[in-house]
Amino acid sequence: MASMQPKIKSKVRCTDGEIGEVAHVIADPLSLEVSHIVVRTNGTERQVPVSSIGAVRDDLVELLCNSSQVAGFPELKREDFLTSKEVEIPHLENRIHVEPGEVLVPFPELEKSCARRSFFTGFIYVIGVLIGLPLVWPVLRFVMKPMYAPYDNRWLKIGNVSKIKAEDVGVQFIFKKSFKDSVLEREEDKNHWVVKATPETLQKIYKNGDLSFYDEKGDVVWVNKQTVPYVAFAGKCPHLGCGYKWRSHKTRGQVFLCPCHLSIYDAAGTVLDGPAPRPLDVLPIKISATGDIEVIDVEYKAGKKEQVRLA
């Protein structure tokens, strides 16, 4: 879409005549490309996909379809979108040259309120489950037995510090972790992030000194020393568990950015913006004499201000 940048208020012409003007453009927050234009026609705003655009001239957008086909495109539901003034998306302005307030991005699905019908449908299902629970509990207890097992405090080797070339820069380490439940054993791809922190960043992470980690009995299993420069962060955003990335932000510099709901964190894992309820979760970490990085794959419940350990 870089070669076709429709201007707001440009006239829109179909194969059978002019139908209205461009009111907004809709951008994909991940690809940073225009996905639709919003055409205002006869008092209605409709989402027209860019695949239906034949040409863009100075003040005119020519469509490949006729007016009756445009009438079949979905109406814009404004509540399903945010403007680029309401969210910070790195590099979006560099790719889409339209007034910021007129660029719309889809509101994350998981952020939308549950529909009334969906709520009551779910409520009925819950009641049914509660009624049948006494009958299926013995089976569930057997299947779910691993949930009552002690925390997994195994040390996992995820990489080497030689991969980290600069301080206060997030570096992703992808590794495989094996799981065993009551049915089978499986292997899963996981990832965590490691930062070689400056003294200033370490001070922000270890505000209260060394950080202790505990097992399900409350016994200490490891202590991260505040003098060790390497810090590991769990690979899931504390908001709703999405994967995040290390990105360059227009005003905040290098940051961790969650593309799902646009939470932003600095190199210390501190929340700079977005809905995240707490900083990035720090993991137990140790570095061998040869630079190998080992972590305990601690998992915490997403969406909570406090840390509630799950595994």
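The values are calculated or read from the model by the stated rules, or taken from the named source; none is laboratory data. No experiment lies behind these values; they were computed from the predicted model shown. So basically every Cβ, Gly included, is an ideal-geometry build from the backbone, and we count neighbours across all protein chains shown.
Return yes when residue 258 is without any contact (Cβ under 8 Å) to a residue 24 or more places away in the chain and surrounded by fewer than 20 Cβ atoms within 10 Å (Cβ to Cβ) and no when it is not.
no
Quick check on region 208-222. Is at least one of its residues under 19 Å from the mean Cα position of the chain (by Cα), among the basic types (Lys, Arg) and not in a helix (DSSP H, G or I)?
Taking every residue of region 208-222 in turn, none turns out to be under 19 Å from the mean Cα position of the chain (by Cα), among the basic types (Lys, Arg) and not in a helix (DSSP H, G or I).
I'd like to check something: does region 304-311 contain any residue that is at pLDDT 95 or above, of a type outside the set (Val, Ile, Thr) and over 16 Å from residue 173 (Cβ atoms)?
No, there is no match, as no residue in region 304-311 is at pLDDT 95 or above, of a type outside the set (Val, Ile, Thr) and over 16 Å from residue 173 (Cβ atoms).
Quick one: what pairs do we get from region 25-39, first residue closer than 13 Å to residue 259 by Cα, second outside any loop (DSSP other than H, G, I, E, B), C-beta under 7 Å, 6+ apart or different chains?
28/35; 29/105; 32/92; 32/95
Looking for something small (Gly, Ala, Ser), out of contact with any Lys or Arg (no Cβ under 9 Å at 6 or more places or on another chain), more than 27 Å from residue 151 (Cβ to Cβ) and touching a residue at least 60 places away in the same chain (Cβ under 8 Å) - is there at least one such residue anywhere in region 233-240?
no
Go through (1) among the small types (Gly, Ala, Ser); (2) in contact with a Phe, Trp or Tyr (Cβ under 9 Å, 6 or more places away or on another chain); (3) crowded, with 19+ Cβ neighbours inside 10 Å; (4) closer than 26 Å to residue 161 by Cβ and name the single condition residue 263 misses.
Against the list (1) among the small types (Gly, Ala, Ser); (2) in contact with a Phe, Trp or Tyr (Cβ under 9 Å, 6 or more places away or on another chain); (3) crowded, with 19+ Cβ neighbours inside 10 Å; (4) closer than 26 Å to residue 161 by Cβ, residue 263 comes up short only on (4).
Hand me the list of strands (runs of 3 or more DSSP E) wholly inside region 256-311 holding 3 or more residues that are among the β-branched types (Val, Ile, Thr).
Ranges flagged: 292-296.
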